[in-house]
Amino acid sequence: MRKIIAVLFLFQVSYVLIAQEPAKILSSVFDEALTDRTAYNNLEYLCKHTKGRIAGSAAAEKAIEYARQALINAGADTVWLQKVPVPHWVRGIEKCSVTSSLNGEKDLAITALGLSVGTDEHGITSKVIEVHNFEELKTLGLKSIHGKIVFFNRPLDNKILNSFSAYGGAVNQRTVGPSEASRYGALAVIVRSMTQSLDNFPHTGVTRYADSVNKIPAVAVSTLDAELLSQWLKTDPSLTVHLVSTCRNYPDTLSYNVIGEVYGSLKPHEYITVGGHLDAWDIAEGAVDDGGGCVQAIEMVRIYKKLGIKPKRTIRAVMFMNEEMTGTGGKTYAEEAKRKDEIHYAALESDRGVMSPRGFGFDADGPKLEKLQALASWFSPYNIRDFDKGGGGSDISPLKALGALQISYMPDSQRYFWYHHSANDTFEQVNIRELQMGSAAIASLIYLVDLLDL
Ligand SMILES: [Zn+2]
């Protein structure tokens, strides 16, 4: 009996020790993140010196070199570049004005959609037809649409609490709207910017033409000017818009993913990937989308090295290239992993901004999801409580086929689309404390997922 009690006592002591250790480590991770400015300084550099780093640009090349050096400075055991084929799209001259015999004349704040084709330097002058969805297009048909500019003006639904869901409910106007309008003979497309904010920043983003359609020029208009255009159309349906957008697509070129590793101490041939995307739209500094996600991954490396945290598995910080246009960074990374027969245990993406951390999303079910959700207790001292089903991201999703658990970092989403894909996505929008809290949360979560073999 005494022996059993002794064993039970020992079990209890060791359990308490195991339970205490991660809490102490998490505390030191948060202390380190919250008292160091390296990640914030890295973000400032990316924003102010590699602004507009869309894949294929000189700014992107400069960002790659900076990220490589930042990973070396963070103490990564190895840092390397991985070749990625990328499109090469270049914005041109952009002008847009509306002329109404009733209301007068006004310039509209526009920006070409990524990968869109352009007009010639003289542009297009045409009547405009406003629609809100593809059913309306179909109802109007060739007769009403042919030879006109189609204006997609369905706002994000403000009743939807999660901003990403609201965006998801409107973004098809941008991604496939130009193709759909082209089927009915439209000359060009103007799409309302994908933001809940009413302001004068046009928000770009990629459009994807179907193979079967004639590619037509496509631009986004600021939400304020979308409102104005819509109002004018109500009183004067025969108003005209003059649109110039001389962007061009050039042959594909080569760029790189930037990868830094902290070697695993027990299972070095199993990998956990943590990343964001290094490319950003050409009109943006790319602070919240997604310089923040990149510097948080670099910061994880720095924190592990500074605190002497030795993960069991090899942890990779990956700055993916070309998330914004065709996602070849994520695809290439997974293809290479498959070719090398690598074991990918888990992957976390931070590409939902760097506002205050709320928690994480996990692409898991049943007992596995329950175990992951139980991790929330470690984070309650930091007010990080949302451990929900539903994880992933465009850069890490190709790793799913290799069995990697998909995890999303989930900061508060309310302000993200104010900045997303616009000239309003600047370094000044990022709060250092929120960025640091996110870095600490990510480094802590990855530490636990690795330690507890989740
Ligand atoms: Zn992004």
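A few remarks follow.
- Relative contact order %, the chain, counting alpha carbon pairs below 8 Å whose residues are six or more apart: 21 percent
- Averaging Cα coordinates gives a centre for region 200-244 and one for region 247-291; these two points are 31 Å apart.
- Rounded, prolate or oblate (a/c below 1.5 giving rounded, otherwise prolate when a/b exceeds b/c) for region 294-354 by Cα gyration tensor: oblate
- Residues of region 301-328 with amide N under 16 Å of a point placed 7 Å along Cα→Cβ from residue 81: 319-322
- Test item: Cα-centred dipole of the chain, Lys/Arg +1 and Asp/Glu -1 on Cβ, debye: 820 debye
- If the segment from residue 365 to residue 235 were pulled out straight at 0.36 nm per residue, it would be longer than the present Cα-Cα gap by 41.4 nm.
- Rounded to the nearest whole angstrom, the semi-axes of the ellipsoid equivalent to the chain, taken from the Cα gyration tensor as √(5λ), stand at 46, 22, 19, largest first.
- Taking other residues whose beta carbon is less than 14 angstrom from the beta carbon of residue 335, and scoring Lys, Arg as +1 and Asp, Glu as -1, yields +2.
- Furthest towards positive pole of dipole, 109, 97, 155, structure part the chain, Cβ charges: 155
- Amide H to amide H distances under 5 Å link residue 86 with 253, 254, 255, where only residues 5 or more positions off or on other chains count and H is placed in the peptide plane.
- Computed over neighbours whose Cβ is under 14 Å from that of residue 176, the net charge equals +3, Lys and Arg +1, Asp and Glu -1.
- The alpha carbons of region 92-246 give a radius of gyration and a Dmax of 14.2, 43 Å, in that order.
- One decimal place: the segment residue 402-residue 338 gains 22.3 nm when fully extended, by the rule 0.36 nm per residue minus the C-alpha distance.
- Rough spin-label spacing in nm, given labels placed 7 Å along Cα→Cβ, for residue 380 and residue 127: 6.5 nm
- Extended-chain gain in nm, criterion 0.36 nm per residue less alpha-carbon gap, residue 250 and residue 31: 74.1 nm
- Sites residue 433 and residue 146 - FRET efficiency at Förster radius 60 Å, r taken between beta-carbons, to 0.05: 0.65
Values in this text are rule-based calculations from the coordinates and carry no lab data. Bear in mind the structure is a predicted one, so any value in this text is a computation, not a measurement. Cβ atoms come from the backbone with ideal geometry, glycine included; neighbour counts cover every protein chain shown.
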